[in-house]
Structure formats: structure tokens, C-alpha cells
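Down below is the structure, laid out as C-alpha cells.
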Amino acid sequence: MYRTGIFSSKPIVRIMKLTIFLLFAFLLKAEAKGFAQNITLSEKNASLESVFKKITRQTGYIFWYENKLVRDAKKVTIEVRNGNLDDVLKSCLSNQELDYAIVGNTIVIKEKNAPDPPIARPPAVDVHGTVTDASGKPLVAVSVTVKNSTKGTNTNDKGEYQISGVNETDVLVFSSIGYENLELPVNGRTVINAQLTVAVNSLDEAVVIAYGKTSKRLNTGTVASVTSQAIEDQPVADPLSALQGRVAGLNIVSTSGLPGSNLQVRLRGENSLNNGSDPLYIIDGVPFISTPLNQFNGANGSQNPMASINPNDIDRIDVLKDADATAIYGSRAANGVILISTKRGRTGKAVTDFNIYSGVSMVTRKVNMLSTSEYLAMRREAFAADGAAPTTTSAPDLLTWDQNANNDWQDMLIGHTANLTQAQASISGGNETTRFLFSGTYRNESTVLPIDLGYKRGSAHLSLDHSSVDRKFNITASINYSADKNDIIATDITQYYKLAPNMPVYNDDGSYYWFGSIQNPMAFLHRSYETKTNNLIANSVIRYTIVPGLNIRANLGYTNTNFKQTLTLPEISFNPDTYSGSSAQYGFSDVSSYIVEPQADYSVKLGSSNLQVLAGASWQQNIGEGHYLTGSGYSSDVLLQNMKDASELVVQNYNYSKYRYQSVFGRATYNWRQKYLLNATFRRDGSSRFGPDKRFGNFGSVGAAWIFSSEDFISNALPFLSFGKLRGSYGSTGNDQIGDYAYLDSWSSVNFPYGGSSGLYPTRLANAEYSWETNRKLEAALELGFLKNAILFNVSYYNNRSGNQLIQYSLSPQSGFDSYIANLPAKIENSGWEFEVNTINVKKKNFSWTTSANLSIVSNKLLEYPGLAESVDASRYVIGKSIRIIKGYQFTGVNSQTGVAEFLDVDKDNAISEDGDFVILGNTLPRYYGGLQNSITYKGWQLDFLFQFVKQEGPTIDYGAQAAIYGTLANQTAKLEDRWKQPGDITTVPRPSATASNAAYLALNNQYRYSSAVWGDASFIRLKNISLKYDLSRFTRSWKIQSSSVYFQAQNLFTITSYDGFDPETKGFDRTTVSEVLPFGTIRPAVVPTLSTFTLGLKFSL
Amino acid sequence: MKHTLRYILPLLLLSAIVSCKKYVDVPPPQDQLPAEAAFTTDKTATATMVGLYSNMNGYNYSFANVLASFMPAMSADEFYSAFTSFDAFKLNSLTPDNSYVNTLWSQPYSYIYHVNAIYEGVAASNSLSPAVKSQLLGEARFMRAFFYFYLVNYFGDVPLILDTDARKNSSLPRTPAAQVYESIINDLKEAVDELQDDYQNSERIRPNKAAAKTLLARAYLYTGKWSDAETLAGEVIGDNHYQLLTNLNSVFLKTSQEAIFQIAAVNTVTGAGGMNTWEGFNIVPATPTSRSYYIIFPELMNAFESGDLRKANWTKSYVVGTNTYYCPFKYQNRLISPVVEYTTVLRLAELYLIRAEARAKQNKLDIAIDDLDEIRHRAGLDPLDDNLTQDQVLQAVEQERRVELFSEWGHRWFDLKRTNRADAVLAPMKEALQPSAWQSTDTLYPIPAQARRTNVNLTQNNGYN
């Protein structure tokens, strides 16, 4: 459908038409249901009672009669198609001693010719009452309806309701998001108070969505949630790591095992050729700036700003995926939205919680290298096969160094055990009107490096809620502050895993040993790199209820992140032959933002339907500023941290940007009898990132859902189906991750003054005409619940197409610039299937077992790229393939006579060259991934464990320009034992070569490193997390300890993979310069692999 | 209730929309100067000009420091590098995807955009003082001519781009070399008028009138306008600001009285001790006993007459194993603070050689020899025989240019090409390094592949298809 219909040229208009059509369809249907007298019956000898029931179902009219009258009536045989009510009733009662009268919605059955009995006028009882939660706190906006009727209301701000005209036999239904539905029969009462319990049924649990809340049951969009329990089960430093493997469609890849390192987060694929594909993060309503603030990089690459958010302060994380859920965030929602809500205070006596854990970490995987004797044998073989003689300059390992020394470099460099401790204390409490929570957390982790370094973070979280006594006014405020210090080194030394195993580290006098241009990795440990981050997020929501159902609110937020870096390069870390002076680098970045979002929401009951309308506006400003200095000429290396001691200080960079953003947005949600749901959102955004005439854009979505399990014909036919929902959404979102001011024609300061004067250069070839990348998202999903929702199953299909790509339009360099930013009508499709299953396997008093699993099958495709063949991207992309393909040579094997690697000559020109012989090696995006979580409780014990799996391919350890040629002065992995050794050998490992001019060497150097031989499977299954808790409360209660537990937690326990390299997740690649275009950064093999962590903890409340 | 809704919501939306446009109008960033402000004052307009020189010399392996001097020297018979990445120059086996060739093409063109932007901005400005305006227009024209001079000599016909309409310029085809020279000469004539006699400060790091005359004299020489070349060279030689220095070790100092135009050191932190010139940084051995990675071809070493002070002062020997090699040593400082040397672009000695050649071409042999003798005298060599024939004088000019201007700005490579001597001189020498290394078509560098990929109208030079 979408090919010809709504994806065509004027989608907005089409969407609107579609909306109007759907809206009308619903309204018409509602009317037909309410008043129609189109009755279809086919009954033979049916009881009158059962016929009446069917009429009620079809018309909404209810019958009122004395039981005896109807029970004694004759059986009915009737055949009618679209008959009207009067005719049907007459026909039913024709040979009975009965008559009828219609009073409003009620059909009164009476004896023929009898006067209307007094009870025939249903007593119009007025029922009122108060709805509270388990603690007795009034619940606002609880829907109270009369079952099987159109009557209903909502509770006011004191939790009170009143419904008039309720029959004695009616049943009241109380429902509210986050609570179990409650049904109470009237039984003639006029005061009915209800107490709702928090939903344990996950369908009715609250789900946080943009600017509001809903439940899984009523949601028209796709939202996945991770709650504090899952986050707390994991001893991780940042909240994003805690999401790995838990959310369908969310692929999170760590880039290094060093603390503070960045994560690559992709929600449903890569939507942009050149620009950011990061999701939008919103913490307590405030957009969080997730772009690293680095002025320069250290060993952990760029620092992840999320690392300064304490995961233990987080209450829940909701991941918004489809257009319905995200379009209200408009131009920044193309890559999905991640909403983080922090914890809030609980009503009741103040409770103090303590949570302390401590543990150890080590790298998940190492690679198996050749031993010294195997290595030396390979080296000798390489020289012999080349016909070259080793010399002291070309082969110190064979001629100079100790033949028996056997350094396990991995063990020396990254083989140490890191320690980890985190302690948290919090106090929470409150009364009916005011609640508070204050918590403080301290975390200290060291590294797997051989020296004492590491990461320290202190964080504080304060949350306040206050309501006026009449509950019309409510204010909440929260403040999150953290300060961290990350002490690591300047360069990741994992890359030295392949030094010759017999290379000496020290000279006899204890000084560092140096040979040629080979770095001594131990000397690198003297290059310090320290970062300090201060992060403040403050927000407040002020709400006022003008009349019940109508609220105005304002969301106010402020964030400030300050990031300082110091990197030192002292003399001792240099080879004395090339040392040209000690130096240091100092980086300072600061970014602050504010947001103001006034909103109004209105919720109204229209008969048996519910309409919610939200309108709001948003003003946001970010100011980023930073600079970076390099110093040299210090009086002493001890003073490298002190820039005042530098005799020469040069400002290498100064950056400043102001980003302003403004929007109006609206949403309307229509809910008819909790059966048909329609949701429409709209947002108009203005962003300063575009030229003056291109700043504004419109975005929007429509979502609809049909809870078919509420249809009687379904519930009758499929009694085992406790929940069934079909839903779909379509909409557009945008992406503006292109940086600030790119439209501005300006001059920038040059890096160095000239003759004492500062200079300017043209910053860019300005183009004021470019606009948003747009992403059109289509979603269809089916949600099923079986066996009273003990089994919940979801499947969704999405198809997202991002177009209007902002690319660097290439120019011929003669024009003065290589490119300028412009929109290209290239189109990228990300599509996939997501499956989620949640089951309650056993639920008994002392034993329960639940399982949840998710699976995402993803596909990424470049659909269109006009002019690709002539563009600079001609060799990078292929229409119909993923936008993250990697090209290289097709390895055809090792010549069994010469041992030289051979490759496919695609263009048959008898030479292997990049121009004609590149084939697609593979794709850096995964094919499918997911997780499997089990939770088991038995008496006081609770066990949770999560398996994460990823099916993907990628570069192996020998891929890329930095891979050492087999046979040169560098150790190799143990697979070299299978190398070609003599004519006739059939193997896939070429012969080693040590001489640059040799054919074997050239093949290894020029082709093999970039070929399919070193590209392989990087799939893995990982026991991501295990958490075992034991509740000690019953032992400790006597000590005035309310509750207490001990626990064991572990992260990344083991990995099953056939990956040839370090860690299939990081792929062992230095991603310090990772960009969208350079998925492997500078391709410098080896970063510290992901760590395995084991902790023991204690938790108690006073 | 309905009324409240009816009034509040539209008001809310309206207020948002009304203030929309203004709110997202951000002021220009503090780290950038909007183009319209750049040419409003003398100071900022001047900053746009010095920004060019700073960018030209900020980083190693740029056109204006290392590449313009090293690459043609390797293509010719001056020196080569121990790094195999430069072998394609040494063996004249360049391919269109050579990254250095790409830089030699794209960098001058990016600088041309920069000077075109200055030219347009300054010409359109009403608020600059006349003196600054004239100087900047002249400087922009001088630099544009300068870049085209090198482009046309590396690549032959090149697109002639004289404005900032980059989208249009991106697809322009190559302009015949003669027309490019016309533009060069036209720009330089204007620059001679517009530039001032004096330098802009105590150093010679921005072009003045004499610099324009020098380059114009060179352009006349290359286009066979002998008498014009002679006249202009004479004007600069007669200018008492400039003199040949008797001490060869002072020629390349930043205080040199022989220098006509130098590019100042800017990136003085790299290497921590303070950089002088990138040429020195690359060539000069790290320690007195260590090696250089640049090696003068024996042909050049043998070209020095015995007793030539230039051999003694401007080359340096070093030993690797049992072999002795020589590297250029005009720039003698690798690191060392404070900065004492500047990259020297134009210097007086060249004008004597231009005038000598122009005079010889016009058969004014006596005074041609006089000019050559000035240079030879400074180098500690005897005067030439007064009775040389025209051919012999021209040969003496070639020889003198070779040993005087070696390793500077591609003089030797251009001389061999413009005098049609490349085949005769380079074929035997390069083929001794590698069989069939030399082709006549090697005198032009290939048009870079990237440039051709992005502009289908660019034809390739012969020999590279």
C-alpha cells in the first residue's frame, strides 16, 4: 500500500486526509453502535434471556425486567437481518404474554396490558465516592464507568467522583494508568469508595511517553521500557550500558573497556549517510547533550557524557521507537528518543537506604599469540623464504634479543585486575502533599592497566514533589549533579600486544629499552591523561489544574556540563633519539542549555470515549564553548600539569556555538471504549542550525490501535486470548545533527598568527539553502496476551526511510573547496522485525519464574543516491546495499607452490588494484540481535540473568592498515601455525615474509590486509548479566532494619564466539576517530576489550 | 470549561508562533566573523590576507613549504628521499591518485579561492583606507599570479578561476597555458601598480612592489619576453633594499637583505623547541651525527665546480653505514628557538640569473656574463670567459641556475622543461635508476584523479590515461 499511497509526493496532505477519514470512520461507527437498530439475529428455540443479551450487545440498549417474567417466557425462533429494534422486539414478544417500553437506553419488559410497574422506572441512583491508592492517597483522573453503558466520569483532584442515574444492578469499572482495573457492583449502594492497586500486570503498567504517560495496553506507539530493577542489577558505570541486550531494536556497542569510553548507540539502524545517527536523550524532560565534549582524545577515545549520569539514580528508561511515539519530538527524533526518568520520593515515614557493592574486573577475551620459539621459527622461515639474511637492524629479535625471553604482552599491559566499589545512600519520605528523595553515590573503579589509575565519580540526586492540599497545584523539582575524574593514559597500549615476545622492556641499568621506531609500551604509561567532568541537570515541572481535566503546566530545565582535560607527554615516554621536548595539552569545554516548555492538556469523556488533547511549546538554547592549548618548554616534567610553567603556550582551538530551538506541538488521543485508539501528533520546529529561510519544518504522525480482544466475537471465539491489539503508525521526523552555523558565510581565525598578527580564512563554502534530513517511519505491530496475560507476545515491523540527506556535496577542488553541505535526495531504508516475549512461567507464593526475550532482525539499504557514479561516494556505496558496507579484495587462497596470497581479478586486467577489483566484504551493521532474560525467585532468593546475542560480521584482528605483515618484526596470533611452509601445502594462511620488496610481502601488505581473508564472523552470545540476591530481612528485622539483602552481580561473564580477535563487541578496534564514514576509526588494532565484572553487594533500609 | 480551552490554547500557540522566527535567529558565533563584516575595517581586511600566509605554512607537507620545493626537485635531478612514498617522483612514475600531486593541485586552488574572496571583498568595500585597499588588491593579485604560475608549470593547461562562484567554477574545463600566463602577467602588472615599495612591517613576509616585479620578470622570462624580463629584473637589482650577501649562511635568515619575499614561520610549537622552516625540519638531521632522509643526487653534487662555496655551505654530508650522502643545507635549523630562518620564496640572486638569460637571449652576451659573474663571485668562483658564444652563455645560465637555486621552488625542474632539455638530461639519468623510467610526457604531472572524478570536463595529460 505504501508504495502507491502515503509515501508519495505530498505525504503531509495525504496523512491529513487519512486522519480525517479515520476520524470519520470512528465517529460513524460510534454512532451506529450507539443508536442503530440494525439487528441481525438467527436463533432457533433460544431462551428469551439469551436473545435479549444479543440485542444488548448489538445495540447498547439494556433490558430491565423481573427475572421470573422472562425465565417463564416461551422459547424464541427468529431470523432477522439488519432489522430495526422495534420490529425485532415485536417479533420476539409476538406470541408471549409480554410487552415492552423503551425508556432512554433501557428496554423495560412488562406483562401485556399491565401498567408500567413502579420498578419499571429504573431507580436513578446517584453514586459517589473517593478513589485512593493502596496507601490511601487520593487518585486523580481515574476513569469511572458504568459497565456496558456509556456513562462515565473521571475523579477530580481529590479523587472524588459522582455518577448519576446508576442502576442497582450496574457494575462500576475503575481504571487508571498504572493500576489494575477494578470492578465493583453497585448493589444499591450510593457511596462506593474504591482502592486501586498498582498494576502487576505488565499491560497496565505505566509507560512514559513524550510529554505524558500511558499504559502498554493503551499505547498506540512502540515503546520499550527498562526499569530501575534491571538497571540496578548491573554494576555498570553508565545507564546506556545497562540497556545492552534488553531492548529490541536498540544496538549498543561499547568502544573500549577503559572507563568513561563512548558507546555507539543505534536505535533501528543508521539513518544518515554523513551525519549523526544518535538518538535524542531526554532526562526528566530536559534534552541531554550526548555529544562528547573532547577537545582531543585520550586512550579511551572520546568521553561519553552519559558516563556522568549515575545509573542508580534512574527510575526507568523508556525507548521510543516509531513515528507515533517520537514525532512529537519533531526534528530531532529521526533516530529515536530515549527518555530517562530519575527516581522520586515515596510517601510515608522517611526511609534510609544503603547500597554498597565492590568487585573486580578483567578483560573478557585475549588473543592467543605464538610463543617465542614459534614466533622466532616463523621469522627465520620468513627470511629464508625471501632469500634474505637477517641483520641486526632488520631482525634484532633473531640476532640481538634473548632467544628465551617470553613476554606475555597482553598480560603485562591489560592483564591486571581492576577494582570497583560503589556506595550509595539515600533518604526518602513524605506525606500527602510533599515527598522528597535525596541520594548520594560514590563510585571508584580502577583499570586493567599495570599502573594505579582509574575513574572516580561522586553524584547527588535530589527530588522534591509538592501538591497543594486541594491538589490543584503541583510542583516537582529534581537536581542531578555529578563530578567525575578519569585518570587514564594518553594512548591505548593494547595495540602493543603484538610486539615481539622477546623484546626487552628495560636496559640493564633499568632505563627503558628502545629499538628503532618501535615504541616501548611501558614508557607510554608515563603519558598521563586526566579528565574531569561536572554535570548538572536541574528541572522542574509546575502544574495547575484549572478545572478537572484541564491542566496547564510548565517544564523548566537547565543543564550544564563542564569538561576539562589534561594530557602530558614527558621526556621519559619518548625514545631519546627522537625526543624533541616535553609537551602537554589542556582542553576545556563547557556546554549549558535551558529549556522552557509551557503545555496545556485537556482530558474529556465523551460518552463512552475519552479524548485527550495536549498542546505545548518549547524554547531551548544550548551554548557550547571550548578551547584547547598546547604547551611546551617546561622547566621540569614534574610541572607539565601547570600551564603557567610552559614557556610557549599556543591556543590550538577555540569554538563557540549557540544553538536555539523552538517548537509548538500538539497531540490528540481518542480512545473509544478502550477498543479503538487513535493518536495524532504534530510539531513545528525551528532550529538555528539552518539558513534563515530554512529554519522551520513540520513533523507529525498518526497512530491507531484496535484492541480486538475487547470485541465479544473475539473473546468468545478465542477464550485463551486475554489480550490482542493490532496497531500501526506512520509519520515523519527529522534530523538536524549537522553542527551549528554550517549555513553561515564567514571567516575563521587561523591556527597560528602570522608575523605577530592574527589571520582569517574562509570557513566554508556557505549554503544557506539546506534543510532537515527527514525520516518517514511506518510501523505495524501485533500484541497478544495469552492465559490471563501470563504470556505476552509482541511483533512489530517497521520501515523507516530517511531522505533529503545532508551530505557534503562534492565539488572539484579547483573551486576552492572539496564540498559544501547540501541536501541530496538520497534515500536510506532501515527496516526490520522486532519480537518480544514476556512469560510468567511459574507464579507461586514461594517460587516464581519469568522469562523475557527480544529479537531484532534488521536491514539497512541505500535505496537511491542520484548521481552516485559521478560522486565522491562512488566507491563507497552501492545502491541496494547497506550504507555501512566495507569493500576489499576477494581472497582466493594461498598459492600452494609459492605460499603467496592470491586474489580475485574482478576486472580481468591481470593486476589486483583497488579501482577494478574491490568487492563488498560485508557490512558493519548486525543482521540480528537480542537478549534473553530470566528471573527466578525462590523464597528469599532471586536470580536474574541475561544472555545477549548478536549476529554480525566484521574485521578480524589482522584487518586494516595497522595490521602487521606476517613475518615482520611483530608477533602474530596462533593461527600462523597453520601457515604455508613448503610447496604443496594447502592452507589459507599465506607464508610470512620479512622483505618489503618480496612478492609475498607485497601481497600481504597491499591486498591481504584488506581482503575477505581477514573479514569474518563476529557474532557472539554473551552472558551479559547475572544477579543473585538473598533477602536477609527476616534475620535483620529485629535490629530495626526494615529490609536487607546481599547480592552477587556480574557483567559479561562469558562470551561464546568464533571471532578472530579480541572482543567481538569492540572488535578490538581503536575507535578514537570513529565517524560515520570511518566505522573503524583509524583502524589501529586493539583497544582494551570489554571487561568482565564480578561484584558482591549489600543493601539495607533503615 | 470549553471557553477556557477555546481561549487558552490558541493564545498559547499564537504566542509561540509569533516569537518563533526571532528566537531562532542566533547571533553569529564568537569564533567566526561573518563575511559581510570581514572587509569593513582595515584591520580585519588585512587579517584575511595574513590568514592566507599562515595557512600556507601551518603544517608540514603543504604546497608552499615542502611540496613546491621537494617534489619537483625529485622529479628532476636534484635530490630524492629515503622514504619510498616519494619514489613515484624520483622515478617519474606518478599516477593520477598520488596524494602529493593532489595536494599540489588542490591546495593552490583553495588559496586561489581565498585570494579571490579577498579581492572581491576588498574591491566592493567602501570603508577601507585607500592605502590598505590598494595594498590588499595588489597582494591578492600577486598571490593569485603566484599560484597560477606553479599550477601552469606543474600541470600545463589548468582551469583559470578568477572569482568565488565555486559551484560554477567546479566544472570549468582547462584553460590553455598561454591564456593562464596572460592572466598571470596581467595580475602582476596590476600588482606592481597597486603594491607599495615598502614592506608592511620590518620583515619581508608580505609581498611588495619588488616582489611583484620579480615574479613578473620571471613570467616574462618563461614566456620569452626577453627585453621586458631584462628591464624588470634590472629595476629590482637596482633597488638598494636588496643585495647579494657575501655570507652564504645568511641568505635564508629571516633578516636576509637578499630576500624579496619570505613566508614567516608560524607553527612554532610543533617539535616543542620551535620550528624555523618545514624544509629544515624535514631535511636537517636530528643530531649532528644522525642521518637525513633526503639525499642529493650524485649528478647535482658533481655539477658543483671545485671550490664552489655553495657546495660547502649549502650541502651537508652524513654517513649511513659505509656510505657518505649529502643533503641540502640551505635551511640549517631543524628545531631551535628563537626562529632565525624563514622559507624564502623570492630572492635577489634569481633576478641576476633572469637578467643574464634575458640578455643572452637578446645576444647581449657581455652584460649577461657580468650578471652571471656577480653570482659566481659570491660563490667564490672565477669569472666566466668573456668570449663565450650565445649557446655557451645560455648553458652557463642553466648551470648557474642549477647550483644557485637547487632545492628551491622547483627552479631546476621548470628550467629543464621550458628549455626543452628534460628529455636529454633526465632520460639517461632516470633510466639508470630504473629501466624505461622516463617518458617525454613526464614533464607534466597528471591531473589528480579526485579532480577529474569531480569534474568530468577535466582532460588528463598525455601519458597518464
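Please treat every number below as a calculation from the coordinates, not as lab data. These numbers come from a predicted model, not from an experiment. Cβ coordinates were reconstructed from backbone atoms using ideal geometry, including for glycine residues, and neighbour counts include every protein chain displayed.
When the distances between all Cα atoms of segment A:176-330 are binned every 5 Å from zero, what whole-number percent does each bin get?
Per 5 Å bin, starting at zero, the Cα-Cα P(r) for segment A:176-330 comes out as 1, 8, 14, 18, 19, 13, 9, 6, 4, 3, 2, 1, 1, 1, 0, 0 percent.
Kindly state, to the nearest 0.05, the FRET efficiency for A:ALA377 paired with A:ARG876, given R0 = 41 Å and r defined as their beta-carbon distance.
The computed FRET efficiency comes out at 0.50.
For segment A:454-539, what is the convex hull volume of the alpha-carbon atoms per residue, in Å³?
Given the Cα convex hull of segment A:454-539, per-residue volume reads 123 Å³.
Which helices pass in chain A if a helix is a full DSSP H run, must span at least 27 angstrom along its long axis by Cα, and must have mean Kyte-Doolittle hydropathy not below -1.0?
A:11-35
Per DSSP H run of at least 4 residues, take -39500 (n - 2.57); add these up for chain A, divide by its residues and hand me the 222 nm value, nearest 500 deg cm²/dmol.
Helices in chain A give a 222 nm mean residue ellipticity of -2500 deg cm²/dmol.
Once you wrap a convex hull around the alpha carbon atoms of segment A:449-503, what is its projected area averaged over all directions, in nm²?
In nm², the orientation-averaged hull projection of segment A:449-503 is 6.7.
Just need log10 I(q)/I(0) for segment A:872-930 at q = 0.14, 0.17, 0.29, 0.30 Å⁻¹, Debye formula, equal scatterers on the alpha-carbon atoms, no solvent, rounded to two decimals.
-0.51, -0.68, -1.19, -1.22
Which value, in nm² and rounded to one decimal, describes the direction-averaged projected area of the C-alpha convex hull of segment A:780-881?
Quarter of the Cα hull surface area: 9.8 nm².
Using the Kirkwood radius built from alpha carbon pairs, what does the Stokes-Einstein equation give as D for segment B:259-387 at 37 °C and 0.692 mPa s, in µm² per second?
Roughly 195 µm²/s, to the nearest whole number.
Whole Å is fine, so just give me how far the alpha carbon centre of segment A:734-777 lies from that of segment B:398-454.
Rounded to whole Å, the Cα centres lie 40 Å apart.
Sort out for me the Cα centre separation of segment A:563-624 from segment A:356-408, rounded to whole Å.
44 Å
Where the eigenvalues come from the Cα gyration tensor of segment B:57-179, what are the semi-axes √(5λ) of the equivalent ellipsoid, largest first, in whole Å?
Calculated on Cα positions only, the semi-axes equal 32, 17, 12 Å.
Limiting things to C-alpha atoms, what are the Rg and the maximum Cα-Cα separation (Dmax) for segment A:984-1070, in angstroms?
Rg and Dmax of segment A:984-1070, Cα atoms, are 25.6, 81 Å.
Could you work out the per residue convex hull volume over the alpha carbons of segment A:901-960, in cubic angstrom?
That works out to 123 Å³ per residue.
Normalised by the empirical 2.2 N^0.38 Å for globular proteins, what value does the Cα Rg of segment A:947-1004 take?
Against the compact-globule rule of thumb, the ratio is 1.38.
In deg cm²/dmol and to the nearest 500, what is the mean residue ellipticity at 222 nm of chain B if only DSSP H runs of at least 4 residues count, each as -39500 (n - 2.57), divided by the residue total?
After summing the helix terms and dividing by the residues of chain B, the value is -16000 deg cm²/dmol.
For segment A:501-571, what is the largest minus smallest coordinate of the Cα atoms on each principal axis, given in angstrom and ordered from greatest to least?
On the principal axes, segment A:501-571 reaches 85, 25, 19 Å in Cα extent.
Please report, in cubic angstrom per residue, the volume enclosed by the convex hull of the alpha-carbon atoms of the protein assembly as shown.
207 Å³
Which residues in segment A:435-469 place their backbone N less than 14 Å from a point set 7 Å from the Cα of A:ILE572 along the Cα-to-Cβ direction?
A:451-452
State which entries of A:LYS725/A:LYS939; A:LYS349/A:LYS939; A:LYS213/A:LYS725; A:LYS725/A:LYS777 exceed 29 angstrom in Cα-Cα distance in the structure shown.
Exceeds cut-off: A:LYS725/A:LYS939.
Size of the dipole of chain A about the Cα centre, Lys and Arg at +1 and Asp and Glu at -1 on the beta carbon, nothing else charged, in debye to 20?
4160 debye
Could you tell me the calculated FRET efficiency between A:ALA780 and A:ASN910, based on Cβ-Cβ distance and R0 = 51 angstrom, to the nearest 0.05?
It comes to 0.45.
Binning at 5 angstrom from zero up to the longest distance, how are the C-alpha pair distances of segment A:559-680 distributed in percent?
In order of increasing distance, the bins hold 2, 9, 13, 10, 9, 7, 7, 6, 6, 5, 5, 5, 5, 4, 3, 2, 0, 0 percent.
With each pseudo-label sitting 7 Å past Cα toward Cβ, what's the A:GLU160-A:VAL651 distance in nm, one decimal?
Each label point is offset 7 Å from its Cα along the Cβ direction, giving 6.6 nm.
Starting from the exponent 0.38 and prefactor 2.2 Å, build the expected Rg for segment A:930-1062 from its residue count and divide its actual Cα Rg by it.
This ratio for segment A:930-1062 stands at 1.77.
If each Cα of segment A:181-233 is one equal point scatterer, what is log10 of I(q)/I(0) from the Debye formula at q = 0.20, 0.22, 0.26, 0.31 Å⁻¹?
Taking Cα atoms of segment A:181-233 as identical point scatterers yields -0.83, -0.91, -1.07, -1.24.
Over the Cα atoms, compute the radius of gyration (one decimal) and Dmax (the largest Cα-Cα distance, rounded to a whole number) for segment A:290-388, in Å.
Radius of gyration, then largest Cα-Cα span, for segment A:290-388: 26.0, 84 Å.
How many percent of all Cα-Cα pairs in chain B sit more than 37 Å apart?
29 percent
If each of A:ALA964 and B:ASP366 carries a label point 7 Å out from its Cα toward its Cβ, how far apart are those two points in nm?
7.3 nm
Counting every Cα pair in segment B:17-71, what percent are over 19 Å apart?
Taking all Cα-Cα pairs of segment B:17-71, the fraction more than 19 Å apart is 56 percent.
With a 10 Å Cβ neighbour count serving as the proxy for reagent exposure, in which order, fewest first, do B:HIS377, A:HIS526 appear?
Starting with the residue having the fewest Cβ neighbours, the order is B:HIS377, A:HIS526.
Along the charge dipole of the protein assembly as shown, pointing to its positive end and built from +1/-1 on Cβ of Lys, Arg, Asp and Glu, which listed residue (A:THR1095, A:LEU172, B:ILE447) has its Cα farthest out?
A:LEU172
Hey, got the Cα dimensions of segment B:250-316 along the principal axes, in Å, largest first?
Answer, in whole Å and largest first: 39, 32, 17 Å.
Tell me, what are the semi-axes, in whole angstrom and largest first, of the equivalent ellipsoid of segment A:720-836 as set by the roots of 5 times the Cα gyration tensor eigenvalues?
Calculated on Cα positions only, the semi-axes equal 51, 16, 10 Å.
Run the quick spin-label model on A:LEU943 and B:ASP382: label points 7 Å from Cα toward the beta carbon, then report their separation in nm to one decimal.
So the label points at A:LEU943 and B:ASP382 sit 10.3 nm apart.
Once you wrap a convex hull around the alpha carbon atoms of segment A:131-219, what is its projected area averaged over all directions, in nm²?
6.1 nm²
What residues qualify as long-range amide H neighbours of A:ASP958, i.e. H under 5 Å apart, gap of 5 or more or another chain, H built at 1.01 Å from N?
Amide H neighbours of A:ASP958: none.
What is the magnitude of the charge dipole of chain B about its Cα centre, with +1 placed on the Cβ of each Lys and Arg, -1 on the Cβ of each Asp and Glu, and no other charges, expressed in debye to the nearest 20?
1980 debye
Which percent, nearest 5, of DSSP beta bridges in the protein assembly as shown are antiparallel?
95 percent
May I have the pair-distance distribution P(r) for segment A:849-1000, computed from all Cα-Cα distances with 10 Å bins from 0 and rounded to whole percent?
Taking all Cα pairs of segment A:849-1000, the binned fractions are 9, 23, 26, 20, 13, 7, 2, 0 percent.
Return A:ASP1017, A:ASP238, B:ASP163 ranked ascending by Cβ neighbour count within 10 Å, so the fewest neighbours appear first.
B:ASP163, A:ASP1017, A:ASP238
Size of the dipole of segment A:794-858 about the Cα centre, Lys and Arg at +1 and Asp and Glu at -1 on the beta carbon, nothing else charged, in debye to 20?
520 debye
Quick check on segment B:168-294: what does the Kirkwood estimate of hydrodynamic radius come out to from the alpha carbon pairs, in Å?
17.5 Å
Hey, how much of the P(r) for segment B:202-276 falls beyond 13 Å, as a percent of Cα pairs?
71 percent
Using only the alpha-carbon atoms of segment B:359-446 as identical scatterers, what base-10 log of I(q)/I(0) does the Debye formula give at q = 0.12 Å⁻¹?
Taking Cα atoms of segment B:359-446 as identical point scatterers yields -0.45.
Taking chain B as the reference, fit the longest principal axis to its C-alpha atoms, fit the long axis of helix B:390-405 to the helix C-alpha atoms, and give the angle between the two in degrees, 0 to 90, nearest 10.
60 degrees
Based on the alpha-carbon gyration tensor of segment A:230-272, what equivalent-ellipsoid semi-axes (square roots of 5 times the eigenvalues) come out, in whole Å, largest first?
Semi-axis lengths for segment A:230-272 are 19, 15, 6 Å.
Need the C-alpha centroid separation for segment B:284-343 versus segment A:1025-1058, integer Å.
Each part's Cα centre sits 72 Å from the other's.
Given N residues in segment A:394-484, what is its alpha carbon radius of gyration divided by 2.2 N^0.38 Å?
Dividing the Cα Rg of segment A:394-484 by 2.2 N^0.38 Å gives 2.15.
Among B:GLY224, B:TRP278, B:LEU245, which residue has its Cα positioned farthest towards the positive end of the charge dipole of segment B:217-291, with +1 placed on the Cβ of Lys and Arg, -1 on the Cβ of Asp and Glu, and the dipole taken about the Cα centre?
B:TRP278
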